[in-house]
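Structure first, then comments.
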Amino acid sequence: MQDSAPNTALRWQRRLTLVTIVMTAVVIMLGAWTRLADAGLGCPDWPGCYGHLDVRKAISYVSERNAAEPGTYREAFKTVPEMVHRYFASSLGLLILIITVLAWRNRRAADQPLWLPNLLLVIVICQGILGKLTVTMGLQPTIVMLHLLGGFTTMTLLCWLAAKLYNWPKFLNDCDVRSLRGLSAAAITVVVLQIALGGWTTANYAAVVCTELPICEEGWQDHINFSDAFIFWGHEHDKPDYEFGVLANDARTTIHVMHRFGALLVLLVVGALVIRILRNARCHFYRNFALTIGGLLIWQICLGLGNIIFKVPLLMAVAHNFFALVLLVSLVLFGRAIRVPVGRDA
């Protein structure tokens, strides 16, 4: 790939990939907003909303029905975040399709990545299916968690694709940092597991079950129930859907407590990685990378504590979701940077 004179297809891929990264960030934040504002079933059908693709018509329909028969449907305003999320998600799918087509048209060019665009297209199709199942299955927790992880995976792969398209970074012969591959992989693993656990916490409405620090209310040890806390399919309940959760308090307490212990593990492992990078790095590139990861880690801990202290305010909860994504992407890009083969471009 000649970085000095990229062809037309490559130039368009680069531009569209950056636009798509921004679009993905918006979709993820809208998804978090919809979920945390209890608007996930604001539109119980799919792809439209009460049979309408225009959210304004859906609002009018729901308002009229609720006026004629109070309580027939959920509040009309809850249709807005759900449908706006769908509009942006559909646009994201179209952008990824275009990137994939451009990649195939440019497939004979040297170092043109093909597997990444193809994988992204498969994931975004699966995301559409999961989005449908999220509402048609009434916010089933496992589906909600997988939908969240799919969004994070999409963003991570898009950033990886952008790095390949822009040939970033050039090889940096900092062997002392390149030796941290194992610790880097461990950091990514614990962050992914913590994100999944965070998704499981919100999907089961367990975010506010513990309101005291550092672990939970006094006597929390007597309320640990792993067998019920991690049932991923076949929940037994008598509710029409999973909105506001179906698990007993002990199961929710267990989920929340495990999320807090997960945060401690992330702090230890990612913190150890940051310290090792700062000790080993001989160039500003890796030192700045370490400071960025460390800053994001501290910010995430502060947002997590803020959610507990202030009882999960919506904006703070959305920010906690978003910066978890930024931390994950930063770790993955660091992992890529230290794996650039010797003597070759990225």
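The values are calculated or read from the model by the stated rules, or taken from the named source; none is laboratory data. Being a predicted model, the structure only gives us computed values, none of them experimental. With ideal geometry, Cβ positions are generated from the backbone for all residues, glycine too; neighbour counts draw on all protein chains shown.
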### Message
Go through (1) within 30 Å of Ile275 (Cβ to Cβ); (2) at pLDDT 95 or above; (3) of a type in the set (D, E, K, R) for Asp176 and report which single condition fails.
### Response
(2)
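Tally time: how many residues in the range 213-222 are surrounded by fewer than 13 Cβ atoms within 10 Å (Cβ to Cβ) and either assigned to a helix (DSSP H, G or I) or touching a residue at least 40 places away in the same chain (Cβ under 8 Å) (or both)? Talk me through it step by step, then tell me what you get.
Step one: of the range 213-222, the residues surrounded by fewer than 13 Cβ atoms within 10 Å (Cβ to Cβ) are 213-214, 217-219, 221-222.
Add one more test, that the residue is either assigned to a helix (DSSP H, G or I) or touching a residue at least 40 places away in the same chain (Cβ under 8 Å) (or both), and what stays is 213-214, 221-222.
Qualifying residue count for the region: 4.
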### Task
Please tell me if Arg74 is free of Cβ contacts under 8 Å to residues at least 60 places away in the same chain, more than 22 Å from Met23 (Cβ to Cβ), out of contact with any strand residue (DSSP E or B) (no Cβ under 9 Å at 6 or more places or on another chain) and in a loop (DSSP other than H, G, I, E, B).
yes
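With respect to Val177, determine if the residue is among the aliphatic types (A, V, I, L, M), over 19 Å from the mean Cα position of the chain (by Cα) and in the same structural domain as His284 (by TED's automatic domain parsing).
Working: among the aliphatic types (A, V, I, L, M): yes; over 19 Å from the mean Cα position of the chain (by Cα): yes; in the same structural domain as His284 (by TED's automatic domain parsing): yes.
When the stated conditions are applied, Val177 passes them.
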### Query
Could you count how many residues in the range 167-201 are surrounded by fewer than 16 Cβ atoms within 10 Å (Cβ to Cβ) and under 29 Å from Leu139 (Cβ atoms)?
2
### Query
surrounded by fewer than 21 Cβ atoms within 10 Å (Cβ to Cβ), assigned to a helix (DSSP H, G or I) and among the basic types (Lys, Arg), is that true of Lys164?
yes
### Odd one out for Val122 among (1) without any contact (Cβ under 8 Å) to a residue 60 or more places away in the chain; (2) closer than 24 Å to Leu265 by Cβ
(2)
